[in-house]
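Input: a single structure, listed below in structure tokens.
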Amino acid sequence: MKSFLRRTILALPVFLFSLPSLAELARLGDEALSHISGQGGIYLSGDISINEMGGPVENSYFGRCDDADKKCGARFAYRLKEDGGWVVLDDIRGNFAFEGLTLRVRKVDSGFGGDGELFNRDVLELGLPNTVRFNDVQFKISSSSTARPTDPGFQQTDIFSVDMRGDVVMEGNLLVFPAGNP
Amino acid sequence: MGAPDRIKQLAPMATGLFCVVLALPVVADMKSLDDSTLANISGQSGLSVELDLGLTADRLSYVDDGSSIHLDGFRIGSAVDPSGQAFHLIRIDVEEDASLNLDYLVKDRRIEFGDIRLAGAPGVSMGGIFFDHSLEGYLNIRQGSSVGGAGYTFDSAYTMTGGRLGYRTNGNEVFLDDITMNVEALGVTLDVVGDTLALNAPRITGDWEVGAIRYSSNPLNHGVSVDSGNGQPLPSYGSLSGSYELSSSTSLTAGGRSGEGLRIDNETVIHSASFLYRDDGKALALRDITGVYRINDLRLDVATDWQNRPALALPLGSMDGEFSIGAIEVGGNGKSIGQVNVSFLLEDQVFNGRSYSNAIYLQGGGHPDAGPQGLRLATEWSLRLADFSYTEDGNRVIFSGLQSWGQGDVTVNVTRDGVTNDTEFFDGLRIGFEDIRAGYRINGLRVGSDDAPLQGGTELLLALGFYPAYEFELDGHVTLGAGGASGEGITINSDVSIRNGKAAIIAVPYDEGNGEIPQKGLWITELDYDAHVRDMTVDVSQEGLAVIKGESWSTMDIGNLRIGDKESGQSFGRFVIQKYETGSSMTVVPGGAGDVCAGGMGDSPSACAASGGVWEPRGEEGLTVRLKQVLAKAINEARKNSLTWETNRQSSGVGEAMNGTGTSLVLNDIHTSDGGDFDGDGVDDNSFGLRTDLSVDVYQTRVVKKEDGPDAMGVTGNRGDEKIMDGSSTAGYRYVSNPTLAEADNRPLGFAVKARSRFKELSINNIDLVHPVGGAQTAVYGVKMQNFDIKANLTATPIP
């Protein structure tokens, strides 16, 4: 059982964000897929985009994406000290497209070299699409003196930028299930 | 209609005939006559009776097996003068075929009951009903019926004008005002078949209009359109109109569910119908309605309910039917959302190990603090099976296998603003819920056809508060006030409390074709939910249906978020979600997403294809819901937006996790903002909120095989192949590596939701870690998200 859990933990930032500590994640092999109880579920095709043309704010800092003097991405800022500075993900934008993101509730009671039978639990399965097409996914990691870029005394240092494009292979399944004392 | 022969001495006879007319208002329908019709009436030797009728009775009683229901304060008289009489003119002719013909004219008549009481329920009553009208029409009665012999055949038609139908409790009234109606029913037959009275109406046609639905809180008003105090028209919920063509057969048999009573069986076919609700001239229209319903073994008894309370009981054996609404139009431009089909079966069924049936027990009293008059409907229902399908631009999605069950009391009062015994009341028609224990579930979605595989997809509608399964205990009220944001419309105030709720966020089918199985899913359980809404207006606008909330706040305390079984599934812990909104709104707009570049970017088919997307013209119909949630800054601990996640709770003696004993992560005082104080009032503006537009369509999508080899249905293909629907294939589809244009036209249909969420600024004041002994420690001193515009085009299909 423990070996199964050790082997199957997979960190995915989006799920770590929403389920920080108790949600354990696992990669499954084909053999597990043949023991699914419960049909239904969904197969999702489509795309998700963030600030494709810009966001709803237009001021001295934010603008439309065709305005080179303004930032058109989203901004996420937080601080860990009461009167401290702000850690910022700035100018977040991009587009992800995929076919085959699946979502369902299933029971794992076999496979995994015998660990599945011991595990014998229901899990939330997020079946990853084989390929995700990234289209100009970008953001900056920065530090800032104020939460809003329009606040008085605003100063910001961009530490580094990330820009991703092309196909990203994401195979397997992400399993989410409770552990520990609820 | 002339009246040459006035024989007032025959008043008793005329009264008797009038009573025939009165007693058969549905079966014997009537229509207006013009002079040319009158000129052709044969048998000129008839009688004309002119009558000014004023009739009162302190009490009319109906006794059933020793139990009785009393109609107090019965009156027939003038509608405009409480002490006056109603004018009647009746012309009686015997036709050449020996039929009896009654032509009649009734002016400004009111029929009313001041109160309705049940013996054995002292101190409470159901309230009063009044019905005003002027009638002009005829009733022709002849011997012989559909089965021959001793029956009768009726032809009838009438026009009703100046109608009012009202309900009054404790001095407050809600009534349909200015009702106009034309009805024609020809060839209605009445037979005695064995011990059954059989009524058959082969064709009933009519149209109707309600000029306003009015509310009065002034006890001095009674059945008037204008307030007696200020002379202003009473506020209106809006107006109604419609038309219909029906055929119907009804059987009436003596005998209740026990002893005396009445049994009713009925089958009605709706050949065509329409229904329009208008709000300041803008319509919500249901057009091209057709359908059929069958009522089997409906009984009428004076009996007691499951708590031994005296009641007028209406237990139902079963009822099934099917309806189709050809077009649902809303807004000022008459655009259609699409078509809806509903099939249903109300019948006894066992849910969760308990047998449910269908019955309503009418009682007096309503909410105990609203006054002695009111209506209480002790209700039990069992919706054994229903399918609801929605079709837009020719493509259909079916919410399959809907079941519902429940038991509890629904109260009805007409109330006015005020607080009595700590109960807050509001102006309007109050629908109360007391100890209702109920639930519903759907088996899943089917897209395209009835035999399509079950799939999920309701997960995409969670933003609208839609759960695929829900069990709950419900108390509270919804009060519907007259008048919207401006002019006509509806204003809603409500306080709702749910206890011991179990709602599915994701649910697998409860029946995969081999009988009922425990429905697994992702469940919020041990749910306590308190929600309050103030001054929420509902109006039909030029754009669609507009709902604007004045103020709303709620606490959703989820004892456990469980995976698997809703009773025994393992828990992620406890979640508490507090919401506080001011000025939030929702607009329902006809039309879906329109042209969409799915899986790519671009405003044209070529640009979309170049980015790897698929251009999808999703058509004119569909549904778009625009939500604006203005999350207000906290004003106190009860009215704020926050999210708490608690785990590691101590267990009670029976092994249940005790709330408040664990460690918590608290996202405190979440609120939206426009990003600054632009109006100079000292606080940040907050009018943009969190805006989410959801467009729902049924459309084709790309489904790509994820693994080599056979899928769950045994259909073989290679990884990356596309699923193409093909009726000649055994499974109804096959996999194709490079679809041709013709094959691409047969991509599978999916439940397509296009969502767009935007906000200018969303803040979290602080994120705390709370230990039950050590107290709260702030981990994050503020989160601020700005300038987000997130779009998602997602189409849900079954997992291959």
Per the filter on segment B:720-729, residues over 15 Å from B:Ile799 (Cβ atoms) and in contact (Cβ under 8 Å) with a residue 12 or more places away in the chain are B:Gly720, B:Asp721, B:Glu722, B:Ile724, B:Met725, B:Asp726, B:Ser729
If we keep only residues of segment A:141-182 that are of a type in the set (S, T, N, Q) and more than 11 Å from every other protein chain (Cβ to nearest Cβ), then the residue surrounded by the most Cβ atoms within 10 Å (Cβ to Cβ) is A:Ser142
Being over 30 Å from B:Ser61 (Cα atoms) and either in contact (Cβ under 8 Å) with a residue 60 or more places away in the chain or surrounded by fewer than 19 Cβ atoms within 10 Å (Cβ to Cβ) (or both) narrows B:Asp297, B:Asp320, B:Asp369, B:Asp301 down to just B:Asp320
Conditions (1) more than 9 Å from chain B (Cβ to nearest Cβ); (2) under 30 Å from A:Leu175 (Cβ atoms); (3) part of a strand (DSSP E or B) -> A:Ile48 fails only (1)
Within segment B:777-799, the residues that are more than 30 Å from A:Gly63 (Cα to Cα) and either more than 7 Å from chain A (Cβ to nearest Cβ) or aromatic (Phe, Trp, Tyr) (or both) are B:Gln777, B:Thr778, B:Ala779
Residue set B:Gly622, B:Gly613, B:Gly599, B:Gly594; condition over 30 Å from B:Lys502 (Cβ atoms), buried (at least 21 other Cβ atoms within 10 Å of the Cβ) and away from chain A (no Cβ under 14 Å); output residue B:Gly622
For segment B:423-458, the count of residues that are within 14 Å of another protein chain (Cβ to nearest Cβ) and at pLDDT below 90 equals 7
Condition set assigned to a strand (DSSP E or B) and out of contact with any helix residue (DSSP H, G or I) (no Cβ under 9 Å at 6 or more places or on another chain), scope segment B:81-99, selection surrounded by the fewest Cβ atoms within 10 Å (Cβ to Cβ): answer is B:Val94
Discussion item. Going residue by residue through segment A:125-136, is there one that turns out to be under 15 Å from the mean Cα position of the chain (by Cα), within 30 Å of A:Pro56 (Cα to Cα) and among the β-branched types (Val, Ile, Thr)?
Written reply: yes
Report whether or not A:Asp67 is modelled with pLDDT under 95, more than 30 Å from A:Pro178 (Cβ to Cβ) and surrounded by fewer than 16 Cβ atoms within 10 Å (Cβ to Cβ).
-> yes
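Among the residues of segment B:328-349, are any polar (S, T, N, Q) and within 30 Å of B:Gly166 (Cα to Cα)?
Looking through segment B:328-349, none of the residues is polar (S, T, N, Q) and within 30 Å of B:Gly166 (Cα to Cα).
Looking only at residues in segment B:104-148 that are of a type in the set (Val, Ile, Thr) and in a strand (DSSP E or B), which one is nearest to B:Val302 (Cα to Cα)?
B:Ile116
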Checked segment B:648-683 for anything more than 22 Å from B:Tyr580 (Cα to Cα), away from every other protein chain (no Cβ under 11 Å) and among the charged types (D, E, K, R); matches are B:Asp679
The residue from B:Phe472, B:Phe466 that alone is surrounded by fewer than 17 Cβ atoms within 10 Å (Cβ to Cβ), under 21 Å from the mean Cα position of the chain (by Cα) and among the aromatic types (Phe, Trp, Tyr) is B:Phe466
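Of everything in segment B:524-569, what is within 14 Å of chain A (Cβ to nearest Cβ) and buried (at least 20 other Cβ atoms within 10 Å of the Cβ)? Give them in sequence order.
B:Ile524, B:Thr525, B:Glu526, B:Ile558, B:Gly559, B:Asn560, B:Leu561, B:Arg562, B:Ile563, B:Gly564, B:Lys566, B:Gly569 - these are the residues of segment B:524-569 that are within 14 Å of chain A (Cβ to nearest Cβ) and buried (at least 20 other Cβ atoms within 10 Å of the Cβ).
Could you look through segment A:76-122, keep only residues that are of a type outside the set (Phe, Trp, Tyr) and assigned to a helix (DSSP H, G or I), and pick out the one that is surrounded by the most Cβ atoms within 10 Å (Cβ to Cβ)?
Selected residue: A:Gly116.
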Taking segment B:734-768 and keeping residues more than 11 Å from chain A (Cβ to nearest Cβ), more than 36 Å from the chain's Cα centre (by Cα) and in a strand (DSSP E or B) leaves B:Arg734, B:Tyr735, B:Val736, B:Asn765, B:Asp768
Checked against (1) in a strand (DSSP E or B); (2) more than 30 Å from B:Val589 (Cβ to Cβ), B:Gln786 satisfies every condition except (2)
Filtering segment B:311-331 for residues that are more than 15 Å from B:Arg257 (Cα to Cα) and not charged (D, E, K, R) leaves a count of 10
### Message
Would you confirm, using the coordinates I've provided, whether B:Ala792 is among the small types (Gly, Ala, Ser) and either under 30 Å from B:Gly592 (Cβ atoms) or not in a strand (DSSP E or B) (or both)?
### Response
yes
Screening B:Val666, B:Val696, B:Val715 for residues that are of a type in the set (A, V, I, L, M) and out of contact with any Leu (no Cβ under 8 Å at 6 or more places or on another chain) leaves only B:Val715
Scanning segment B:230-274 for residues that are in contact with a Pro (Cβ under 6 Å, 6 or more places away or on another chain) and under 21 Å from B:Pro202 (Cβ atoms) gives B:Ser247
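The values are calculated or read from the model by the stated rules, or taken from the named source; none is laboratory data. In this text, all values refer to a predicted model and were calculated from it rather than measured experimentally. Ideal geometry is used to build each Cβ from the backbone, glycine not excepted, and the neighbour counts take in all protein chains shown.
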